[in-house]
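The values are calculated or read from the model by the stated rules, or taken from the named source; none is laboratory data. Keep in mind that what you see is a predicted model, and the values were worked out from it rather than measured. Counting neighbours? That spans all protein chains shown, and the Cβs are built from the backbone with ideal geometry, glycine included.
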Amino acid sequence: MTPTRPGRAPALVSRADRLIGATPLGRPYTHQGWPAAQGGAAVLDTYQLQVFLAVVEAGSYSGAAQRLHLTQPAVSRQVRLLQEHLGVRLLRRSGRRMLPTHAGERLAEAARQMLGMARQLEQEMALLRGEASGMLRIGGSGTPAWHILGRLLPAFRLEHPGVGFRLEGWPAEGAGRALREGRLDLLLGEEEVQERGLRCDLLLGMETALAAPADEQWTPRKRLPLRKVATLPLILPAAGTPARRFLEEHLEERNIRLPTSLQTPEVADPGAALPLVAGGLGVALLPRPLLETPAAPIHSITLWPGFPWPLYLVRRTGPPERLEEVFCAFALEKGRTLLR
């Protein structure tokens, strides 16, 4: 039986840990808690690397502990063991944040590559067993992305029950870098990403509808000419957000200008407009799927001529990891039919 190192969380040890850097049968741990390698040399442990990367990405021990579901002392201990093993300082404090040193930056870059190879190897072994398995890290940017993921992921899991998901909210501005650095595998968002090293596919175009209060003023209306939206008490996405840019660009092509007065309410995310509409503050332009299961009564009005609200699937260029390839094929082929 393989011995367990104190402070290690068994729930976080993946199959990749057993493939790379874990203790082979019959090879005991050293007195420092590191697995003894042949010839007396200790080897890097993917578990310590995962913990170290979590600290780098979260910017603090407490943030990493929350992300990994560990205690803060357990996180600190793993980083300390890693520094002692390598003989260099990996982190430095800057105000309230923990930042990587030069050596830490180099290790973080190499660790992402190493852990990515471990995940890919795990996926390849699963495919040899005839199954898709592993963890997909998916980012969502905006409420429409989360609504669609809520319909897409259960259907994908029915076909691939061995796949797990780690879902994170990301602003459009930072998600591209997270993808390139390997902190995310995929991103769903409303804005087309045109950055070097990234591939962006249109997943679907959702019908744009007018969300209105379910009262006697609005419920008799079933359709509305698009040109009249500028005269309505609109609740708009905040200036500079992907949703706001999309609406401005599309409507300006039709010589329709959105109101810009100080009295126009703005929300950081399109989905935040729903309770405001239900309360009678105004109306909002939203993708129709968002209006199918609102938390409050909403009346949906068809616009004519209509226009699609896009949702994009973004990933890294180059040869994809097998699990990413399986998910993207599902989303772009079966998912489009499922989400109609």
When you scan segment 277-311, how many residues do you find that are under 21 Å from the mean Cα position of the chain (by Cα) and either buried (at least 21 other Cβ atoms within 10 Å of the Cβ) or closer than 20 Å to Glu266 by Cα (or both)?
4
Hey, among the residues in segment 319-339 that are in contact (Cβ under 8 Å) with a residue 12 or more places away in the chain and not in a helix (DSSP H, G or I), which one's nearest to Leu115 (Cα to Cα)?
Glu321
Looking only at segment 223-259, count how many residues are surrounded by fewer than 14 Cβ atoms within 10 Å (Cβ to Cβ) and either without any contact (Cβ under 8 Å) to a residue 12 or more places away in the chain or part of a strand (DSSP E or B) (or both).
9
Have a look at Ala145, Ala118, Ala126 and point out the one that is surrounded by fewer than 21 Cβ atoms within 10 Å (Cβ to Cβ) and either under 30 Å from Pro242 (Cβ atoms) or modelled with pLDDT under 90 (or both).
Ala126
Residues in segment 90-113 that are within 18 Å of Gln78 (Cα to Cα), touching a residue at least 12 places away in the same chain (Cβ under 8 Å) and not basic (Lys, Arg): how many?
11
Restricting to segment 184-197, count the residues that are touching a helix residue (DSSP H, G or I) at 6+ places or on another chain (Cβ under 6 Å) and farther than 29 Å from Leu285 by Cα.
3
Return yes when Val267 is closer than 18 Å to Ile301 by Cβ and β-branched (Val, Ile, Thr) and no when it is not.
no
Scan of segment 46-68 for residues that are in contact with a strand residue (DSSP E or B) (Cβ under 7 Å, 6 or more places away or on another chain) and not β-branched (Val, Ile, Thr), ordered by number:
Gly59, Ser60, Tyr61
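Each row is one residue, and each column tells you yes or no for (1) among the charged types (D, E, K, R); (2) over 27 Å from Tyr312 (Cα atoms); (3) outside the structural domain of Gly279 (by TED's automatic domain parsing).
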site	(1), (2), (3)
Lys222	yes, yes, no
Val229	no, no, no
Pro242	no, no, no
Glu253	yes, no, no
Glu266	yes, no, no
Of (1) surrounded by fewer than 19 Cβ atoms within 10 Å (Cβ to Cβ); (2) under 21 Å from Thr143 (Cβ atoms); (3) touching a Gly at 6+ places or on another chain (Cβ under 7 Å), Cys200 fails just (3)
Do we have Ala272 as surrounded by 15 or more Cβ atoms within 10 Å (Cβ to Cβ), in a helix (DSSP H, G or I), outside the structural domain of Gly176 (by TED's automatic domain parsing) and small (Gly, Ala, Ser) here?
yes
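To keep it simple, each residue is scored yes or no on (1) assigned by TED's automatic domain parsing to the domain that holds Arg322; (2) crowded, with 16+ Cβ neighbours inside 10 Å; (3) farther than 15 Å from Arg316 by Cβ.
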| residue | (1), (2), (3) |
| --- | --- |
| Ala110 | no, no, yes |
| Gly150 | yes, no, yes |
| Phe156 | yes, yes, yes |
| Glu159 | yes, no, yes |
| Val163 | yes, yes, yes |
| Gly182 | yes, yes, no |
| Leu187 | yes, yes, no |
Residue check for Arg80: outside the structural domain of Pro319 (by TED's automatic domain parsing) and under 24 Å from the mean Cα position of the chain (by Cα)
no
Does any residue of segment 93-105 turn out to be over 25 Å from Glu122 (Cβ atoms), over 25 Å from the mean Cα position of the chain (by Cα) and surrounded by 15 or more Cβ atoms within 10 Å (Cβ to Cβ)?
yes
